[in-house]
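The structure under discussion appears below in the form of structure tokens.
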């Protein structure tokens, strides 16, 4: 039994090293005065936490964190400092005393409170013993989906996820309302300079964008078997679209996906999600109770070989329901992130001045 | 046989990791951005290739091998492109190298203020 | 055991990248450090997937290898053009050189 | 000392939370504050995931019973530990916090974008994203009616 101590110690070692790295990077973010440096360091921060999440057995979360941290949040922050011209603050040490005292005392209290928490990895802790254990034991018979995170997210707590999707949609609409709906000024190509070709980037992007989109679809439809699902696929897909806009220009992307279409798709996603729930209600179940998604006479028509083995209870309603709402989530997340990017990238400082003069 | 392959694979992983560490050391020690890009991009691609080859040997032939090959392809595609974009950004915005001549491209002499220095 | 040593080595390399990113005299050094950190993260994810006996985790490494450079391109556009929405030019006469 | 080993994650998470909170409180720059808020959010996620970890566990993606992978995973667990805790076969970590934080991250980036959009509009209205400048400017505006009013 050499594997046991090796694997457990390795996990603990990785845990501690990564957390120390997180501390170092967080300290650097607090210390730096340059906003750009803070943004770059923040992308490292979320990258380290993505690896840490894998070590902590949360590959689904790591997926999301890696894509959001590597792609979307960095780009959104960059767009914001472009529009605010990246001013740096003037630190005055006397103003730092009160926040430091507050944070130190709150932190001390929280650490004191943390002493009462069950130790890390305790299977009998309240968080793991009751409802978490029940999800683990009952997913196979209730839902019939190997990925229990997807089962909890999409089926057991489907109403909660509907709320989250609606929040994402509302945030996208909010950004669109505040920053405008599309390009305001001429986004003309930059004046040609000697050596200002980006052939390498254009070719590489042409090769990569379809691959990223394809991978997003894989993550989407693989979500109930392995790590993945609508949220992850949505952010990956939006990174593909944002990459297209970065390399080929916002105009070209907006010709392919006009802002109006992006907003409609975002609302369509929420509608699909809620629609699945309403179909369940029409067929006699509760809202989002996928067991009632198909009426029994239709369910009897579905041939058993589609899933490949007859041993499991079929759970057609659950499979179809999860697929349906995940598609809704995919559409909403993708379209919202694209709308947000359109808002930040389509606005320029000149537009704001012109608007203010009017 | 499988054990032998796994040991050889582990050896490859170690060599690749050693290359990565050497590259990281270069990034710490080299004098300016351009030389650091040089250190990073070469060791990253070579180290990644060796590590992924080693993992392929450990995995044997399966779906996992295919995924590893995909990772290798994507790393080989994106890392050099990112290095290119970074060098382009540094050179195009007038960041001067410590070593060698900067005024190779005349059009860059027009620029008075170098951008991208530490205070934006 | 070899994989464990490999993990430790990658962590050392990542720590060095963090040092460069924190010190980095210019922003280009920081971006370089993030980039190189990303490549090492891909490798680390692949290795720990094997070490924990769940090679299915490779999907995360794949997605990171795919989108690693998106932020780098955004930063390049930030430095060179001060705008995110402009197209990157192709040399005149190239296919797709209208942009 | 033992406490430090078993509760290390919680202590680090609290320090990270406080680092984010300190940025939000101390920084005058709105963008920097949003970065602090995002850090706070990520760290809160780390806390949830720490709570859901089960020692000897693996990711909550079921492997088929009796398959080679399941046997390999079950072999990694100390039999004495499994017997004492009443586990059999593969041990999985708690999927509930994963499902919560997964959605929270995406919601987090969407709300981050909203906050940044507000900061951008404030910059356009007041010409600055420093809170000290904004306070001065808004006081001036409150006392003097603007030209269009």
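The values are calculated or read from the model by the stated rules, or taken from the named source; none is laboratory data. Quantities reported herein were computed from a predicted structural model and do not represent experimental measurements. Here Cβ is always computed from backbone atoms with ideal geometry, including for glycine, and neighbour counts include all displayed protein chains.
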Of all residues making up the stretch D:64-86, the number that are more than 8 Å from chain A (Cβ to nearest Cβ) and either buried (at least 18 other Cβ atoms within 10 Å of the Cβ) or outside any loop (DSSP other than H, G, I, E, B) (or both): 13
Odd one out for residue B:26 among (1) modelled with pLDDT of 90 or more; (2) not in a helix (DSSP H, G or I): (2)
Close pairs from the stretch C:39-53: first over 19 Å from residue D:76 (Cβ atoms), partner outside any helix (DSSP H, G or I), Cβ under 9 Å, at least 6 apart: C:39/C:68; C:41/C:68; C:42/C:68
Filtered residues of the stretch A:289-330 (kept if closer than 29 Å to residue A:235 by Cβ and modelled with pLDDT under 70): A:307
Residue under evaluation residue D:89, criteria (1) at pLDDT below 80; (2) at the interface with chain A (Cβ under 7 Å from one of its Cβ atoms), criterion not met: (2)
Residue check for residue A:234: in contact (Cβ under 8 Å) with a residue 40 or more places away in the chain and within 8 Å of chain C (Cβ to nearest Cβ): no
Residue count for the stretch D:87-99, restricted to those that are more than 30 Å from residue A:232 (Cα to Cα) and surrounded by 20 or more Cβ atoms within 10 Å (Cβ to Cβ): 0
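Only one residue in B:82, B:87, B:46 is surrounded by fewer than 22 Cβ atoms within 10 Å (Cβ to Cβ), within 13 Å of the chain's Cα centre (by Cα), part of a helix (DSSP H, G or I) and facing chain C (nearest Cβ under 9 Å). Which one? Write out each step before concluding.
Details: B:82 fails: surrounded by fewer than 22 Cβ atoms within 10 Å (Cβ to Cβ); B:46 fails: facing chain C (nearest Cβ under 9 Å).
Just a single option satisfies the conditions, and that option is B:87.
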